[in-house]
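Take a look at the structure below.
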Amino acid sequence: MATDSEMVFVLPGDGIDASLIPTHPKRPLRLGPGLRHIPPSTIVPTIAGQLVTDHKKNSLWVEYNGGRYIPAVGDLVIGQVDRSAADFYYVALSDYSSNASLPQLAFEMATKKTRPNLATGALVYARVSLANRHMDPELECVNSSTGKADGLGPLVGGMLYSISLGMARRLLMRKSVEEGRVVVLEELGALGLAFETAVGRNGKMWVNSEDTKTVLIVGRAVKETDEGNLTVDQQKKLVRKLVKEMS
Amino acid sequence: MPREAEPSLNEKAFFLQALQDGHRLDGRKFEQFRQLDLQFGDQYGVADVTLGKTRVLAKVSAEVTVPYPDRPFDGIFTITTELSPMASPAFEVNRPTEQEVLLSRLLEKTVRRSNALDTESLCLIAGQKVWSIRVDLHVLSHDGNLMDASCLAVVAALRHFRKPDTSMEGETLTIYTPAEREPVPLSWLHTPLCITFSFYGDEGEMTLVDTTLLEEQLKVSSCTISLNKHGEICQVAKLGGTPVDAVSLVQCASIALQKVKELSTLLDQKLAEDSKRRNKGGLLAELSAENAR
């Protein structure tokens, strides 16, 4: 996380203080999104946001909210099937951008005869397997080393909500409560609502439940948290209000 | 040409299920508008309408021109709409979509053909000089229900607008600058406003007002009713889509009347607030050259 609880914000073109750059005896320095390396040793931010460093991994990146989703290898995304061709599904990751391709055999247990049949407009939860700058990204719904789905695959039923990229990142953090400061989902679960969610790094969240009302409550709670940039206490209050309103 | 992004199958199915259970996605009632905000600019004739995430700006301008030869006593009144790529990537410059054409035609029918603005009062010298009033409508952000928001913006801007004062002495026409004489409002006859209803279900049995973009994309048909607060209907447009019961149309009309009354009250109140803000020290009445008849 950030250096000693003090947040560092950068603007494009700012100089980065040498003391902020992590030094690791063995690992090479890794630059994440929003930073550019100008040889020999200058690092310049290309976007405004919070500078985050990870000393263990010897990496450095800029955390920002907004903009268009740019695929990166390993990201979990929710895509919408645009059309299907002989061997591929063409999947839209965000509106008005070029499609990603998803091989029809990249599903768990899929063979030429048993591949899933996805109609136009169906949703899939997938991992980005290839992302180069000037090429359309490629997706997969199966772990290629184990052959297991790991929870990826077509999403049936439920509702899709658009959220900001920053919110999606916060929800996907390993410790979303401590680091991301989002408690809505935990609070809703604690109040006895049963639902399942899938969060795509491309700013999409899928919510499913037996009960329509539960889906609506979850969707509204997350969207309002996102749009209002609510604090933990405000989120708790919002959840109580929504549950009371809908029951 | 960019295509509008279609909602997914999951969204379609869930949305209809929720409607059948009596819920809207944002928790509103079926006949409830989103948060509506109306602001006037520093200049006369600028109105900025925010309806949820939809935002529309209307600007009125006036110039003196030659009238059309077949209508020598009528001023010229035009409304131009522009859906720029700023509002949604599906819009392109200089290539009007069907939606844009429908929007400008409906505004035309609602405001112009209902004679809300008395065009004869815009005549200065018959056959030679008339005022040409032009309304430019810009859609700044598109999240559904452009029709109602645009109509409110156009009407509000026109009612807020003041044109320069003029006088005729013999053969000479004088147009006064705002410093010489306080500009005068347009001669406005009634306030028509649009209310759009969207229908859902196989036979259009569910009706929503003030739809968001997603709701709008999933409708089976829609109907726009324009009327003023006295209940005088200017136009009804139901362009294609699933046929709808006569009974539900009548219901829509009565809801529309109630909504228009609310909107008119809001508009009157905002106009009054704005004129109070401008009229510091109550000097405006003295500056005006109009005599109180």
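Quick notes
- Applying a 4.7 Å Cβ-Cβ cutoff to the protein assembly as shown leaves A:Cys141, B:Cys123, B:Cys223, B:Cys234, B:Cys252 as cysteine residues with no disulfide-compatible partner.
- Across segment A:76-156, the mean sequence separation of Cα contacts (distance under 8 Å, 6 or more residues apart), normalised by length, yields a relative contact order of 30 percent.
- Couplings for segment B:16-29, taken from phi via the Karplus curve 6.51 cos²θ - 1.76 cosθ + 1.60 with θ = phi - 60°, read 5, 4, 5, 5, 5, 7, x, 10, 9, 4, 9, x, 7, 7 Hz in order; Gly and Pro are left as x.
- Three-way shape call for segment A:4-63 based on the alpha-carbon gyration tensor, with the a/c threshold at 1.5: oblate
- Global geometry of chain A, whether rounded, prolate or oblate, following the gyration tensor of its Cα atoms and the 1.5 cut on a/c: oblate
- If you sort the three axes of the alpha carbon gyration tensor as a ≥ b ≥ c, you get a/c of 1.5 or more for segment B:6-118 and a/b above b/c, which makes it prolate.
- Förster radius 56 Å - calculated FRET efficiency between A:Gln234 and B:Gln128, Cβ distance, rounded to 0.05: 0.30
- Whichever aspartates and glutamates have a C-alpha closer than 14 Å to that of A:Lys244, once near sequence neighbours (fewer than 8 apart) are set aside: A:Glu187
- Scalar couplings 3J(HN,Hα) for segment B:95-107, obtained by applying the Karplus form with A = 6.51, B = -1.76, C = 1.60 to θ = phi - 60°, are 9, x, 7, 4, 4, 5, 5, 4, 4, 5, 5, 5, 5 Hz; x denotes Gly and Pro.
- Relative contact order [Cα under 8 Å, 6+ residues apart], chain A, whole percent: 14 percent
- Built amide H within the under 5 Å cut-off of A:Asn202, gap 5+: A:Ile78
- Environment charge of A:His24, counting only residues whose C-beta is closer than 13 Å and scoring Lys/Arg +1, Asp/Glu -1: +4
- Calculated FRET value between B:Arg105 and B:Thr65, using beta carbons and R₀ = 41 Å, to 0.05: 0.95
- Counting only aspartates and glutamates at least 8 places from A:Lys148 when in the same chain, those with an alpha carbon closer than 19 Å to its own are A:Asp75, A:Glu108, A:Glu138, A:Glu140.
- For B:Glu6, net neighbour charge (Lys/Arg +1, Asp/Glu -1) across residues whose Cβ lies under 11 Å away: -2
- The chymotrypsin sites (Phe, Trp or Tyr not before Pro) of segment A:1-86 include none that meets both criteria, a DSSP state outside H, G, I, E and B (loop) and at most 14 other C-beta atoms within 10 angstrom of the site's C-beta.
- Seen from a random direction on average, the alpha-carbon convex hull of the protein assembly as shown projects onto 34.5 square nanometres.
- Projected label distance in nm at A:Ser164 and B:Lys280, using a 7 Å step from Cα toward the beta-carbon: 3.6 nm
- Protein-only accessible surface at a 1.4 angstrom probe places the residues A:Asp233, A:Asp136, B:Asp165 in the order A:Asp233, A:Asp136, B:Asp165, largest first.
- For segment B:28-282, size of Cβ-based charge dipole, Lys and Arg +1, Asp and Glu -1, in debye: 460 debye
- At full extension, A:Ser145 and A:Ser41 could sit 33.7 nm farther apart than now, given 0.36 nm per residue minus the alpha carbon distance.
- Nearby lysines by direct alpha-carbon distance to B:Lys129 (threshold 28 angstrom, same-chain neighbours under 8 apart not counted): B:Lys59, B:Lys109, B:Lys163
- Cα centroid separation, segment A:59-75 to segment B:74-106 (Å): 36 Å
- Selected from A:Ile70, A:Ile47, A:His37, residue furthest toward positive end of dipole (segment A:27-89; charges at beta carbon): A:His37
- Pairs beyond 26 Å (Cα-Cα), from A:Lys57/A:Lys237; A:Lys175/A:Lys223; B:Lys238/B:Lys270; A:Lys175/A:Lys236: A:Lys57/A:Lys237; B:Lys238/B:Lys270
- Taking every DSSP beta bridge that has both ends in segment A:1-103, the antiparallel portion is near 90%.
- The string of couplings for segment B:191-206 from the Karplus curve (6.51, -1.76, 1.60, θ = phi - 60°) is 10, x, 9, 9, 10, 9, 10, 10, 10, 10, x, 4, 10, x, 7, 10 Hz, one whole number per residue in order, with x for Gly and Pro.
The values are calculated or read from the model by the stated rules, or taken from the named source; none is laboratory data. It should be emphasised that the depicted structure is a prediction, and the values quoted were computed from it without experimental measurement. Please note: Cβ atoms are built from the backbone with ideal geometry, for glycine as well, and neighbour counts cover all protein chains shown. Ligands, DNA and RNA are excluded from the accessible area calculation, which covers all protein heavy atoms including side chains. Shrake-Rupley method; radii C 1.70, N 1.55, O 1.52, S 1.80 Å.
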